[in-house]
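Some notes on the structure that comes next.
The values are calculated or read from the model by the stated rules, or taken from the named source; none is laboratory data. Bear in mind that the values here come from a model prediction, so they are computed numbers and not experimental data. Heads up, the Cβs are rebuilt from the backbone with ideal geometry, glycines too, and the neighbour counts pull from every protein chain shown. Ligands, DNA and RNA are excluded from the accessible area calculation, which covers all protein heavy atoms including side chains. Shrake-Rupley method; radii C 1.70, N 1.55, O 1.52, S 1.80 Å.
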Amino acid sequence: MSTEPSISLIRQKLESSSGKDFWKGLDELGETEEFTEFLEKEFPRQAAPLASAVDRRDFLKILGASLAFAGLSACARPGAPSEKIVPYVKAPEEMIPGQPLFFSTAINNGGYAEGILVESHQGRPTKIEGNPDHPASLGATSARTQATVLTVYDPDRSQFISENGDQRTWAEFTEALETALRTLDNGVGLAILTETVTSPSLSSLLNQVISRYPGAAWYQYDPTHDDAATKAAEASFGQAVSIQHDFSKADVILSFDFDFTNEGPGNLRYAKDFSRKRRIRQAGEEMNRLYQLESFPSPTGALADHRIPLNPSEIAAFAANVARGLGIDAPDVPLPSDTESYLEAVLEDLQSNKGNSLVLAGPNQSPDLHVLTHSINEVLGNIGNTVTIHEPVEVNPVDQTASLNALSDRLSNGEVQVLLVLGGNPAYNAPVGLGLKESIKAVPFSLHLGDYRDETGVLTTWHVNRAHYLEAWADSRAYDGTVTIQQPLISPFYGGRSDLEILAAALGKPNATPYETVQDHWKQQVSGDFDAFWRSALHSGTLEGTSAKRLDLKPNLLEVHFPESSGTRILVRPDPTIWDGRHSNNGWLQELPKPFNKITWENAAYLSPRTAEELGVRSHQLLNLSVGERTVTVPAWVQPGQAKDTVVLTMGYGRQEAGRIGNNIGVDAFSLLNGDENFDAPVQIEFAKGKARLATTQVHQNLNGTGERRHIIRSGTIGELNEHPDHVPFVHPVEHHTEDLYPDYEYNGYAWGMVIDMTVCNGCNACITACQSENNIPIVGKEQVLIGRELHWIRVDNYYRGDIDDPEIHHQPMPCQQCEKAPCEPVCPVGATVHDHEGLNVMVYNRCVGTRYCSNNCPYKVRRFNFLQYAELDTTSTELSLANNPDVTVRSRGVMEKCTYCTQRISQARITADNEDRKILDGEIITACQGACPMEAIVFGDINDATSDVSIAKTSPLNYTMLEELQTKPRTSYLAKVTNPHPLLAPKQSGSH
């Protein structure tokens, strides 16, 4: 790689008049040779296209399971499953070929239920949507939830029960378990390790096992569990409680490193409530104000009116000064430099909005900081209004790090003779300093129940393949306590078993089914007509009256301490795509660009520009990170907006037993930890030899390639909107001509259009995975991403503005703009891309001969080309063909593809409306990206209907179209981003790019 300009030179360039207003990355700012070369080759005029760095045979080997899944023809006839699929919400005779059914169920994220609706085609789940009636999702989903449908058919999933690697039967396992338990004296020596449990039925079985074996012990561990919040809540309120936040009532929000729109129980609900309070269409409307203090850029932080990058000790110091300013006895610590004006504004806002403000702390902050937020909310009168206290949702709310440490001590001391690991992968995602790998192998009888025979499964004496959550009956509770009965959509594809079956076998009931177990539990809880209760529960996806009881408690104003810390620290965080490694073998998530840096297929050591400048580090350089005596080698990435003196390394990589997709990718962050650092430790940084090419899409499809300022991003303040309510200067910075040589076509029927609200888009990427699932979009692999061949139909462009240490952050979803005068159409020599009578720019796949003229002529760079034969066109079907959406054609090599506005959903709605002799109703068609969006940033509908939501959105003075000077007349438009800064803080200059 060539020499890059130094960070100090880039900083000087930004401060000069020649600096860019908006930029996508440091490579672009530095105009590096690699960036310039890629830009020229990505859409060449007279240059050779990028050459493939891998031959097709090796490429297919690399992609393995996920490639096969993505490419199989939807027309292939699937082989019959071994068992009949049960149950249906609707009777089987109501199933009409070609008509999907939808089933309500839930996924457990961190042990908490998120309500979903699963689309099933002839008994096979193909797509996941949010359940609009579920309080935790309100119809939204995350990217990770969308991708879990892929895992159902993953051939790398564990497919049989094994003892020390040899295949066994269920009867053999249950007999061995019964024999092992009989050897224990009153259960002494039995240890059960689970992840977070909220399930009433599972809790009941656990209690029965403990009752039957009084000497047994139950432990819990999930590396992403919010231990700090759990400990702080019990300390502040004197008992275990759960805390809920009502963003619909909060006018001012102060967040101490809490990415509440993207992570944690209730994040989908919080995102909906927050965005509805923030969305603005016209002058005179009100919006909330968010202060976000964080060490690493987050989707929530990107929406903040004031985002302040601070390291963890500085965040604690700022919080202490806020508390002291409100009259709370808090540590007298110095205020972080350059934050005096922020403190003044925060205090004024909080004091002016008592009862309607909200102060929060994230899971990466200390228990003392969480305690302090409870005190602040109490003093402000927020407890009982924007903050409510409830009975615990978790069955046994404990400090899970301490719980794992206790189990580790017992294992090390040889006190465990029977170990049951129900889910989870502690041999991988526990700190390596605990030595669990060695101690698990020493247990005489050990069981691992898991989706894969992973790092833990290969160590235990027994491994039982686990049923996917879409294959097994269960129940669980949402963040507010509401219970969902989880029903299967398909019988266990690989014959898996559930947690309920393992515990039932431990109770001497090896033939008990999960269905019987769940029903038996609820029969004891329900009086009256149980069959009616059961049908209602399955249909709606929730049990009425099961939310956690509200408690009338006030927090104790406790003394807190914030120990001093100095030097650079490493912060180990969940990965935004594969989380803690449980999704490592999911190709969709591996190839999903991470927010802010767009890195795919691996992790990196993220450094702030200031820290990188001090150390002389550049992106892609290999570094040795050392915590104590443990060291990993990882490529660096300089991340604008990250706090100084921090290195961020994400979990989930460095797997050895993940599967063909997830093995040997990235580095293992857990291998640095001892177990007492709370994922935050001092780190030593040294240079390693060489560089690594990180597969990032950040500079792909760059719209500013000509060097012109094309007003791509448009943003300003609510004050500017109110000052110019009809013609907002930052929305229309220059006047464009409206004359056109081409006549307009009059659309007398439906005219489909879309509006994307930049004010509330947080860049979570849920829309990308939803589109991929809906439209059978294949993955291409790291080597293909490196040369710009990713196939996502919608991308989320990330732009920065201002100082590289503390920039503004903007996200812009970019689907096909569906131009009424599309420049891609006249250049196609075979008429493969044409316009239909409703204004859609459509592809006729079997006409396409792959000239790629349309792609070169698209100013928005939203067309994707199949350079390789991703689709399997053989007539031999495999189990993977079951995952495709049969309503969408699978494309083959040499064919161009792009966003279609989910034309298959439009067609289905049109057929239904015609059969009922009516027009399509507003809101009847929801595109995949729109339905998944937790922020409700996407609106779709008929622009010929003046009363439709999309038409009303397009009347906003904030509405603009991309590159409008080209007169392509896109059907997709954007609402300029509006912020609500405090008057005391000089707002950054508004503008456009």
Separation of segment 437-505 and segment 625-643 by C-alpha centroid, Å? 34
Which entries of Lys231/Lys554; Lys277/Lys919; Lys277/Lys598; Lys437/Lys509; Lys782/Lys969; Lys782/Lys821 have Cα-Cα distances beyond 24 Å here? Lys277/Lys919; Lys277/Lys598; Lys437/Lys509; Lys782/Lys969; Lys782/Lys821
Treating only the Cβ of Lys, Arg, Asp and Glu as charged (+1, +1, -1, -1), what charge dipole size does the chain show about its Cα centre? Round to the nearest 20 debye. 1940
Tell me the trypsin sites (Lys or Arg not before Pro) within segment 292-357 that lie in a loop according to DSSP and have at most 14 other beta-carbon atoms within 10 Å. Lys354
Positive-end residue of Leu202, Phe260, Met754, charge dipole of the chain with Cβ unit charges: Met754
Assuming a ≥ b ≥ c are the square roots of the Cα gyration tensor eigenvalues, decide whether the chain counts as rounded (a/c under 1.5), prolate (otherwise, with a/b larger than b/c) or oblate. rounded
Give the calculated FRET efficiency between Glu178 and Glu924 to the nearest 0.05, with a Förster radius of 41 Å applied to their Cβ-Cβ distance. 0.15
Quick one: accessible area per residue over the chain, 1.4 Å probe, rounded to a whole number of Å²? 37
If you count only protein heavy atoms and use a 1.4 Å probe, how large is the accessible surface of Trp534, to the nearest 10 Å²? 20
Expressed as a whole-number percentage, the relative contact order of segment 410-482 with C-alpha contacts under 8 angstrom and at least six residues apart is 28
Could you sort the peptides 728-735, 273-280 by per-residue average Cβ neighbour count (10 Å cutoff), highest mean leading? 273-280, 728-735
Express the carbon and sulfur contribution to the solvent-accessible surface of segment 101-148 as a percent, rounded to the nearest whole number, probe 1.4 angstrom. 51
Treat every Asp and Glu Cβ in segment 245-387 as -1 and every Lys and Arg Cβ as +1, leave all other atoms uncharged, and give the resulting dipole magnitude about the Cα centre to the nearest 20 debye. 720
Classify segment 318-403 as rounded, prolate or oblate, taking a ≥ b ≥ c as the square roots of the eigenvalues of its Cα gyration tensor: rounded when a/c is under 1.5, otherwise prolate if a/b is larger than b/c and oblate if not. oblate
Among rounded, prolate and oblate, which fits segment 638-726 when a ≥ b ≥ c are the square roots of the eigenvalues of its C-alpha gyration tensor, a/c under 1.5 means rounded, and a/b larger than b/c means prolate? prolate
How far apart, in nanometres, would the label points at Leu9 and His561 be if each is projected 7 angstrom from Cα along the Cα-to-Cβ direction? 4.9
I'd like the trypsin sites (Lys or Arg not before Pro) in segment 505-608 restricted to DSSP loop residues with at most 16 other Cβ atoms within 10 Å, sorted by number. Lys549
Listed peptides 962-971, 814-823 by packing density, highest first (mean Cβ within 10 Å): 814-823, 962-971
Set the Förster distance to 25 Å, then compute FRET efficiency between Asp133 and Phe530 from the Cβ-Cβ distance, nearest 0.05. 0.70
The extension gain from Asp917 to Leu507, computed as 0.36 nm times the residue separation minus the Cα-Cα distance, is 141.8 nm
Roughly how much of Ser120 is accessible, in Å² to the nearest 10, using a 1.4 Å probe? 10
Efficiency of FRET between Arg550 and Gln656 - r from beta-carbon atoms, R0 30 angstrom, step 0.05: 0.05
Distance from a point 7 Å along Cα→Cβ of Glu163 to each backbone N in segment 471-496: keep the residues under 19 Å and list them by number. none
Mean Cα-pair separation over length for the chain, i.e. relative contact order, pairs under 8 Å, 6 or more apart, %: 18
Surrounding charge for Ile952, neighbours by C-beta under 11 angstrom, Lys/Arg +1, Asp/Glu -1, total -1
Show me the trypsin sites (Lys or Arg not before Pro) within segment 638-703 that DSSP assigns to loop and that have at most 10 other Cβ atoms within 10 Å of their Cβ. none
What order, most packed first, do the peptides 917-924, 857-864 have when packing is the mean number of other Cβ atoms within 10 Å of each residue? 857-864, 917-924
If you average the sequence gap of Cα pairs under 8 Å that are 6 or more apart and divide by the length of segment 101-148, what percent do you get for the contact order? 28
Under the 7 Å Cα-to-Cβ spin-label approximation, Phe102 and Val834 lie apart by a distance in nanometres of 3.3
